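Data block below; observations after.
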Amino acid sequence: MRAEFQHREDLVHFGRLIHQQGFVSACDGNLSVRLDSNTVLATPTSVSKGMMQPSDMVKVDMQGNKLGGERNVSSEIAMHLTIYRIRPDIHAVVHSHPVTATGFASAGIALDQPICSEVIVSLGAVPLAEYGTTGTPELSASLLPYVHDYDAILLANHGTVTYGSNLLQAYLKTEAVEHFAKIMLVTQQLGQQQTLSPANIRKLVEARTRYEGNTSLASMPAGPLRPKHVDADNISDKEMPDINVNDAFVTMRKR
Ligand SMILES: [Zn+2]
């Protein structure tokens, strides 16, 4: 188990990374880690995430009340706390505004097209949450339909939020979302997308469970979003004995 000073250094490190990668500008974005059942350590507001010190971090309880720190936490912490409350398996959250992914979020387009094999294995679909005003309960409420079944969400007209079992995993998902968004953009510029077949999606989903050492696919629940271009009615029982491939693709939550 990592000590608090290590979590502070991790927040500095990954804050610098999201700044260097261009996922945030100025003082945008925020990162947090769950220290224990009632304490979250978060990055401060009004500070560049590329220029933080370990002592800049702010401790809050699960209601968002400040427990310690010289600086103040962003009002967007409510979004982090919502995710921690819904997902006990999550210990770190990264919120940023990566240019391409935020472009999709601002165009009203989810990243849920099964066109990249690696994305299906590592990330899955990224749904688009409804617009919610920053700093109000609207933003957290917009996430509620998705947090349980996805590990990465586009925030309409705003940015992205990703989360994982630790800060590295949460950060890597932001990287993966932005990379996928760039690929999506290229396919749109080329004027066509070659969607993977349901049978091939199924093989990739199976590969994902092997890599992750996961439980059976049959236990994966249906996600709220389904790729429109994969027609479940055309998948025969013979081809798909155990799972609905659409559900398996859109549901990235590991069971
Ligand atoms: Zn934001």
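Laboratory data are not the source of any read-out in this text; all were calculated from the coordinates shown. Here the structure is a predicted model, which is why all the values come from computation and not from measurement. Neighbour counts are summed over all protein chains in view; Cβ atoms, including those assigned to glycine, are modelled from backbone coordinates with ideal geometry.
Restricting to DSSP loop positions (anything but H, G, I, E, B) with no more than 10 other Cβ atoms inside 10 Å of their own Cβ, which GluC sites (Glu not before Pro) remain in segment 47-135? Walk me through the intermediate numbers first.
Values: sites: E70, E76, E118, E130; in loops: E70, E76, E130.
Answer in residue order: E70.
From the convex hull of the Cα coordinates of segment 1-149, what is the mean projected area in square nanometres?
Values: hull surface 36.6 nm².
Spelled out: convex hull of the Cα atoms, projected over all directions, averaged, 9.1 nm².
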